[in-house]
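The values are calculated or read from the model by the stated rules, or taken from the named source; none is laboratory data. Just so you know, these numbers come straight off a predicted model, no measurement behind them. As a convention, Cβ positions derive from the backbone with ideal geometry for all residues, glycine included, and neighbour counts pool all protein chains shown. Surface areas here come from the heavy atoms of the whole protein model, side chains and all, with no ligands, DNA or RNA. Shrake-Rupley method; radii C 1.70, N 1.55, O 1.52, S 1.80 Å.
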Amino acid sequence: MNKIALGCIADDFTGATDLANNLVRAGMRVVQTIGVPTGPLAAEVDAVVVALKSRTIAPDQAVAQSLAALQWLQAQGARQIYFKYCSTFDSTPEGNIGPVTEALMDALGTDFTIATPAFPDNKRTVFKGYLFAGDGLLNESGMQNHPLTPMTDPNLVRVMQAQTQRRVGLIDHAVVARGAEAVRERIAALRAEGVGVAVVDAISNDDLLRMGPALAELPLLTAGSGVAIALPANFGLAPSALAAALPAARGLQAVVSGSCSVATHQQVAHFIASGRPALPIDPLQLAAGEDVVGQALAWAAPLLAGGPVLVYSTAEPGAVKAVQGQLGVAEAGALVEQAVAAIARGLVALGVRQLVVAGGETSGACVQALDIAQMQIGPQIDPGVPWCHAASPVAGEGGLHLTLKSGNFGAVDFFSKAFALL
Ligand code: ADP
């Protein structure tokens, strides 16, 4: 059996891909699973990222799902466990970062772990335990107004202490700057004081790489995706194009977009301006019961042989508001997601084997419609967005390549650049 080195549990889907992408770039071969797998691993890899949807569910459920993921990862031989959360530490006063961390510590029989959402590449830095997003503190970044997880306190020692029974401490930048040996000494001192979780400062990738060796001995790490860059070296792995190798690409090419984010708008406009065929779909026609999916597939079928096509619901904020006013926000979202997912499935049935999906929620719906359980992570197209390869009963033998681009990720030419990379 292929024994994995690192087992990761991510509290949401796109965050899981972000972590997997960082691990691949640092030299690990990675598979991301959608939920806890029921079957064997699809490929021989160094790390597995189990993607849960546990960020905002009830703490006891988040704990139960995370423990189930842990058990499966341990059965694959994982030597170290990585609990991955958002780089803005998205959580409520009840959790779920604290309760899940504690449950994993208990299950692993360890009295100490770290907590750091630092991700300098994405302008998330931690200094003296305070989390910065861009140039300002977390609670001035807009995150204080988040609908589900408002973050009003930038001090992570306090935030974490409110969520856990264990004592929370700090490994501050002065220690990190002196390197791994200083971090080791500080960990020993904190442990002796009875500290169970230490927030760790990091303001640059160099900080993360410096602390890396000191993390090798810990059974459990909790972090954003930043710390990942320092871990493959602990397992004797170095950055290599081989880690991102996927099966050869084949088949037809298509893009579906259910994202209305600013970056996606520009990408859709760029694709249309480059002269490629593009079809908008209208939520009101969907709501009226028209066969929008069938019409889109009939439109695409004769065009696919000529290169990539785009089907999109992407619309201006005014148009989206109008549709939401008529149908309801959740209803409009679900209706469009299901339609885009059905179109993605139909396109794959027509022979598409290279599929770009835009939209976080839309991606979840497409992966479900294609019955995808695991994705092998390949080369990065733009920061945070890699190509993946997956088995799907709709694609049959050989599977398909897909990339899942959430909201504001990707450069303006993302849709064409993606296919050029494969
Ligand atoms: P992003 O990653 O950009 O936030 P998501 O797919 O997560 O994209 O979310 C976009 C949401 O908007 C989805 O629920 C989608 O179904 C919905 N949506 C997409 N297009 C429209 C539209 N034209 N009118 C109303 N809702 C839409």
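Details
- Residues satisfying the stated conditions in the stretch 329-349, i.e. farther than 13 Å from Val256 by Cβ and open to solvent by 20 Å² or more (accessible area, probe 1.4 Å): Val329, Ala330, Glu331, Gly333, Ala334, Leu335, Ala349
- Number of the condition not met by Leu284 [criteria: (1) touching a residue at least 24 places away in the same chain (Cβ under 8 Å); (2) more than 16 Å from the ligand (Cβ to nearest atom); (3) more than 22 Å from Ser406 (Cα to Cα)]: (2)
- Scanning the stretch 373-403 for residues that are more than 16 Å from the ligand (Cβ to nearest atom), closer than 27 Å to Gly27 by Cα and open to solvent by 10 Å² or more (accessible area, probe 1.4 Å) gives Ala373, Gln374, Gln376, Pro379, Gln380, His389, Ala391, Gly398.
- Long-range neighbours under 7 Å by Cβ, at least six apart or interchain, first residue farther than 16 Å from Leu6 by Cβ within the stretch 59-74, second open to solvent by 60 Å² or more (accessible area, probe 1.4 Å): Pro59/Glu94
- Some residue of the stretch 124-134 being in contact with a helix residue (DSSP H, G or I) (Cβ under 8 Å, 6 or more places away or on another chain), free of Cβ contacts under 8 Å to residues at least 60 places away in the same chain and among the β-branched types (Val, Ile, Thr): no
- All of Ala244, Ala216 fail the test of being away from the ligand (no atom under 16 Å from the Cβ), buried (at least 19 other Cβ atoms within 10 Å of the Cβ) and hydrophobic (A, V, I, L, M, F, W, C), apart from Ala244.
- Which numbered condition Ser363 fails, given (1) within 9 Å of the ligand (Cβ to nearest atom); (2) touching a Phe, Trp or Tyr at 6+ places or on another chain (Cβ under 6 Å): (2)
- If you check Ala305, Ala322, Ala296 for being part of a helix (DSSP H, G or I) and near the ligand (Cβ under 9 Å from one of its atoms), only one passes: Ala322.
- When Thr110, Thr125 are screened for being of a type outside the set (A, V, I, L, M, F, W, C), within 28 Å of Arg186 (Cα to Cα) and outside any loop (DSSP other than H, G, I, E, B), only Thr125 passes.
- Selection count, the stretch 181-219, where residues are out of contact with any Lys or Arg (no Cβ under 7 Å at 6 or more places or on another chain) and part of a helix (DSSP H, G or I): 22
- Residue within the stretch 131-147 that is assigned by TED's automatic domain parsing to the domain that holds Arg55, of a type in the set (Gly, Ala, Ser) and within 23 Å of Ala189 (Cα to Cα) present: no
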